[in-house]
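Trainee: Just dropping this structure here.
The values are calculated or read from the model by the stated rules, or taken from the named source; none is laboratory data. As the structure is a prediction and not an experimental result, all values here were calculated from the model. A quick note on method: Cβ atoms are made from the backbone with ideal geometry, for glycine too, and the neighbour counts reach across all protein chains shown. Areas reflect the complete protein model, heavy atoms only, side chains present, ligands, DNA and RNA absent. Shrake-Rupley method; radii C 1.70, N 1.55, O 1.52, S 1.80 Å.
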Amino acid sequence: MHDQDQHLSVAQWSVMESLWESGSLTGREATEAMEKKTGWNRSTTLTLLRRMEEKGLIGSSTKSGVKTYFPLLHREEAALKETESLLERVYDGSISLLVSAMTQKRALSQKEIDQLYALLDGLEEKAP
């Protein structure tokens, strides 16, 4: 991606979700998917695809006159950037404040609690 600090807009995230799910989409498939998902018309979707390609978020190839788009940004990388941005902007970099805020509004399942304990145990073992 050209701009390493760039974050996905809601519209870009919608397109990326479709591309991550399918691996690649032709222009026609992308416009149909976005029309179903968001109600966008063909022109809106194609404009967004072009701009995302210019920004290096997605790539494309043309075979037999059919343009196919594919993600250049991995879901995990995008999710990590969004999480880091949220953590810095809203919680001043504090993971414990983030977890506290999330658990005040939403109860954790026993499985999630067990996963958090396992994560913390693993971090403790790695600590100097």
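Trainee: What accessible area per residue comes out for the range 23-124, rounded to a whole number of Å², with a 1.4 Å probe?
Mentor: Working: 7260 Å² over 102 residues.
Per-residue accessible area for the range 23-124 comes out at 71 Å².
Trainee: Can you work out the FRET efficiency for the pair Leu97 and Thr38, with r the C-beta to C-beta distance and R0 = 35 Å, to the nearest 0.05?
Mentor: Rounded to the nearest 0.05, the efficiency is 0.60.
Trainee: Give the lysines reachable from Lys63 as a straight Cα distance under 25 Å; neighbours fewer than 8 places away on the same chain don't count.
Mentor: Within reach: Lys55.
Trainee: Can I ask one more? Putting +1 on Lys and Arg Cβ atoms and -1 on Asp and Glu Cβ atoms, find which of Leu8, Ser24, Gln110 reaches farthest to the positive end of the dipole of the chain.
Mentor: Among Leu8, Ser24, Gln110, the one farthest towards the positive end of the dipole of the chain is Ser24.
Trainee: I've got another one for you. Take Phe70, project a point 7 Å from its Cα along the Cβ direction, then tell me which residues of the range 15-48 have their backbone nitrogen under 15 Å from it.
Mentor: 19-27
Trainee: Amide H neighbours of Ile58 under 5 Å, at least 5 residues apart or on other chains, H built in the peptide plane: list them.
Mentor: Those lying under 5 Å, H to H, from Ile58 are Glu53, Leu72.
Trainee: If one takes the longest principal axis of the Cα atoms in the chain, at what angle in degrees, from 0 to 90 and to the nearest 10, does the Cα axis of helix 10-22 lie?
Mentor: 80 degrees
Trainee: Roll a 1.4 angstrom probe over the protein heavy atoms and tell me the percent of accessible area of the chain that is carbon or sulfur.
Mentor: Summing carbon and sulfur atoms, their accessible area is 53 percent of the total for the chain.
Trainee: Separate question: Under the classification rounded if a/c is under 1.5, otherwise prolate if a/b is larger than b/c and oblate if not, where does the range 46-115 fall, given a ≥ b ≥ c as square roots of the Cα gyration tensor eigenvalues?
Mentor: Prolate, since a/c reaches 1.5 and a/b exceeds b/c.
Trainee: What are the equivalent ellipsoid semi-axes of the chain, built from the alpha-carbon gyration tensor (square roots of five times its eigenvalues), in whole angstrom, biggest first?
Mentor: Working: eigenvalues 262, 52, 44 Å².
They are 36, 16, 15 Å, listed from largest to smallest.
Trainee: Hey, another quick one. What order, most packed first, do the peptides 82-95, 13-26, 105-118 have when packing is the mean number of other Cβ atoms within 10 Å of each residue?
Mentor: The densest-packed peptide leads the list: 13-26, 82-95, 105-118.
Trainee: Using helices alone, what [θ] at 222 nm do you get for the chain, with -39,500 (n - 2.57) per DSSP H run of 4 or more residues, divided over all residues and rounded to the nearest 500?
Mentor: Mean residue ellipticity at 222 nm (helix-derived): -21000 deg cm²/dmol.
Trainee: Can you tell me the relative contact order of the chain? Whole percent, Cα pairs under 8 Å, sequence separation 6 or more.
Mentor: Once normalised by length, the contact order is 22 percent.
Trainee: Nearest 0.05, what FRET efficiency do Leu86 and Glu125 give at R0 = 30 Å with Cβ-Cβ as r?
Mentor: Calculated transfer efficiency: 0.65.
Trainee: Run the dipole for the range 14-128 about the Cα centre, Lys and Arg Cβ at +1, Asp and Glu Cβ at -1, nothing else charged, and hand back the magnitude in debye, nearest 20.
Mentor: It works out to roughly 740 debye.
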